[in-house]
1. Count neighbours as other Cβ atoms within 10 Å of each site's Cβ, and list the trypsin sites (Lys or Arg not before Pro) in region 233-309 that are DSSP loop with at most 13 such neighbours.
2. Round to a whole number: what % of the accessible area of region 229-308 belongs to carbon and sulfur, probe 1.4 Å?
3. Express the carbon and sulfur contribution to the solvent-accessible surface of region 54-194 as a percent, rounded to the nearest whole number, probe 1.4 angstrom.
4. Calculate, for region 162-300, the solvent-accessible area per residue in square angstrom, rolling a 1.4 angstrom probe over the heavy atoms of the protein chains.
5. Sorted by mean Cβ packing within 10 Å, highest first, what order do the peptides 49-55, 91-97 take?
6. According to the square roots a ≥ b ≥ c of the eigenvalues of the Cα gyration tensor, what is the shape class of region 177-309, taking rounded for a/c under 1.5, prolate for a/b larger than b/c otherwise, and oblate for the remainder?
7. Report the calculated FRET efficiency for E128 and Q101 (r = Cβ-Cβ distance, R0 = 45 Å), to the nearest 0.05.
8. What percent do you get for the relative contact order of region 101-216 when only Cα pairs under 8 Å and 6+ apart count?
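The values are calculated or read from the model by the stated rules, or taken from the named source; none is laboratory data. Computed from a prediction, not measured in an experiment: that's the story for all the values here. No Cβ is skipped: glycine too gets one built from the backbone with ideal geometry, and neighbour counts run over all protein chains shown. Protein only, heavy atoms only, side chains kept; ligands, DNA and RNA dropped before computing areas. Shrake-Rupley method; radii C 1.70, N 1.55, O 1.52, S 1.80 Å.
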Amino acid sequence: MKKVESFKGIGISRRSFLNSSATLSVAAIPGINLAAPFIGERKKPVVLSQKDIYKTHIRLMGSLKPSTIYSWFSGHLWGIVPDEAPKPLTTLQGLAKSIWQKEGDNYTKESFDIGFFGNLETGEVLSEWKNPYTNKIVEPFHFMYGGGSKTTYTPEGTLSRNEVKPYQHDWIQSGEQVWLDEYGSTSFKNPLNPEEWPVSSAGEQMHFGSSTTFVASAGQLFNPELDSCDQTFFWTAINSWEPWLRMGQKPGFVMWRATGRKIFNTNEIPESIKNYIAKVQPNYFTDEKPWSKRKSTYASYKKLRKGQL
């Protein structure tokens, strides 16, 4: 279980992802005007009550009616080591599938994320890759995680371990554009014991930080007649070495950097990720829940890469 050490915003995943800027206007508590965001041509101030904050968040992230929401993203995996300039290692591309349900006054979300690392020049799925830090050929461990648990959003905040954490929204507006920053960090015991996995394990503790900026138009975000709104997001995560890089306990870490958007129609999902998913998880689009038990990168690596300690 990941233990959150420091946190601001809503609950995050590796992608939500898992969030600061010079502000033109900020509303962080209920009842504060959001610099006159407007609906259509009616330029009138919107006062965010606690209920407004709650529904606006659900409208931005998911949907106020039961729905399956997809988020596609692409970017790069970077390597950062002391006394060297950071360098892009691979491309990355992924798809997050979120099942939104309404349960009484609450909403729940269950997510299933899947994706791959690609060639820097072509973006094609990597089957092997030369690590520039070790000059050794390694086999990338493409990502698939989520499922098996739900995030619950109540009118008062996010429910976690029988404790409700109030929403703390840093809404920022420039003209018709509104964005929300969320960020958090966590440390947890590495499932890969460094004594047993000397090359794959980055150490006894894993460290992870994530920042996500979600962007939408005020006209959609504050429209009470909409259940969901268009959304673009920008995601950065920094964490200990990925096991498949086989860096052991060498100083350094990786940075994930990606841009993505909410997708309502699967026809808008790029063929590159669709083709990859068809090979590794063919029921991803046909079954509401493509897998039943929770998946995590480190647990899956430990199970599937036993011969690569």
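1. On the way: sites: R246, R257, R261, K262, K274, K279, K293, R294, K295, K302, K303, R305, K306; in loops: R246, K293, R294, R305, K306.
Counting only loop positions with at most 13 other Cβ atoms within 10 Å, the trypsin sites (Lys or Arg not before Pro) in region 233-309 are K293, R294, K306.
2. Within region 229-308, the accessible surface is 51 percent carbon and sulfur.
3. The C+S portion of the solvent-accessible surface of region 54-194 is 47 percent.
4. Here the per-residue accessible area is 47 Å².
5. Ranking the peptides 49-55, 91-97 by packing returns 91-97, 49-55.
6. It comes out oblate by the Cα gyration axes.
7. 0.65
8. Relative contact order, region 101-216: 18 percent.
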